[in-house]
Amino acid sequence: DFFAYLPGYDRLTTEKPDVAAFDTVILLDYTQLPRTHLEQEVLSHGRVISIDHHYDNTKKATINLVVPEAAATAHILFPLILTMDIAITQDIATCLLTGIFTDTGSFMHDSVTPEILQISSYLMRKGARLSHIAHETYQKKDLPSLRIWGRALSRIIISPTTGASVSVVTKQDLQECGATLDDLSGVVSMLNTLPDTKFAMLLVEYEDGKVKGSL
């Protein structure tokens, strides 16, 4: 829901599409086909394009544009759009800068390069508002979000041996706080800010017997 500010958000759907009815299937920023919930339909389609920056992408598409060195999938899309001679509007710039901003941990990850900053500067000149993107994706919190963050931060365990900062959120926590998985976005990055922390992990029980790990 915190991406609802993005141009075109109202055109998205969670309904299962008839994949065969489309000329081309484009998969963005995914690693494994099961994540699409349409694995067999996609595999049987004759024209599938994958655009991704994850090193473990399975590359099962017809065309695989996988660039592990890229900081974000939006980082790959930017020169692709320019090559296709598509004018970058304010709406496109906003979406691309959001992709770069979120995947670089608000420009704090090692993946940030001078090129990324130059691209971001270009997108801002095209009308993308960095302060607005930062507010919508990281700074804006409602009450359920703050409550679930409180639970997660109150349970931090630090291992002096491994340098790990770990926390756990249960299904009961989510229900009592009226929170969703989206409300926990950014918590693992907060855990990683602790001094001497080498890595952070957040474990979330989102269904009975099912735990999601963010590392």
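The values are calculated or read from the model by the stated rules, or taken from the named source; none is laboratory data. Just so we're clear, the structure is a prediction, and the values are computed from it rather than from any experiment. Glycine also receives a Cβ, built like all others from the backbone with ideal geometry; neighbour counts cover every protein chain displayed. For the accessible areas, the whole protein counts, side chains as well, though only heavy atoms, and no ligand, DNA or RNA atoms are used. Shrake-Rupley method; radii C 1.70, N 1.55, O 1.52, S 1.80 Å.
For the stretch 161-166, putting each phi into the Karplus relation 6.51 cos²θ - 1.76 cosθ + 1.60 with θ = phi - 60° gives couplings of 6, 9, x, 8, 10, 10 Hz, in residue order, rounded to whole numbers and with x for Gly and Pro. Pairs from the list Lys141/Lys171; Lys141/Lys198; Lys171/Lys212 with a Cα-Cα gap above 23 Å: Lys141/Lys198. Note on Rg and Dmax of the Cα atoms in Å: of the candidates (1) 22.0, 87; (2) 20.1, 60; (3) 18.9, 55, the value calculated from this structure sits at (3). The simple spin-label model puts a point 7 Å past each Cα toward its Cβ; for Phe107 and Leu181 those points are separated by 3.0 nm. Each Lys and Arg contributes +1 and each Asp and Glu -1, all at the Cβ; summed about the Cα centre of the stretch 87-215, the dipole is approximately 220 debye.
For the stretch 1-160, the fraction of 1.4 Å probe accessible surface lying on carbon and sulfur atoms is 56 percent. How about Lys16: which aspartates and glutamates have a C-alpha closer than 20 Å to its C-alpha, ignoring those fewer than 8 places off in the same chain? Output for Lys16: Asp1, Asp29, Glu39, Glu41.
If R0 equals 30 Å, the separation of the Cβ atoms of Thr13 and Ile81 corresponds to a calculated FRET efficiency of about 0.80.
Averaged over its residues, the chain has an accessible area of 61 Å² per residue, based on protein heavy atoms and a 1.4 Å probe. Rounded to the nearest 5, the antiparallel percentage of DSSP beta bridges internal to the chain is 35%. Helix 73-83 and the longest principal axis of the Cα set of the chain meet at an angle near 20°. Computed from backbone phi, the HN-Hα couplings of the stretch 84-98 come to 7, 6, 9, 5, 7, 7, 4, 5, 5, 4, 5, 5, 5, 5, 4 Hz, rounded to whole numbers (Karplus: 6.51 cos²θ - 1.76 cosθ + 1.60, θ = phi - 60°; Gly and Pro given as x).
For the stretch 26-33, backbone phi angles converted through the Karplus equation (6.51, -1.76, 1.60; θ = phi - 60°) give residue-by-residue couplings of 10, 10, 10, 6, 10, 10, 10, 4 Hz, Gly and Pro being listed as x.
Test of understanding: given the chain, find the longest segment containing no GluC sites (Glu not before Pro) that are in a DSSP loop and have at most 14 other Cβ atoms within 10 Å. Maximal segment without exposed cleavage sites: 70-215.
Summarising the amide proton neighbourhood of Lys141: residues at separation of 5 or more, or on other chains, whose placed amide H is nearer than 5 Å comprise an empty set.
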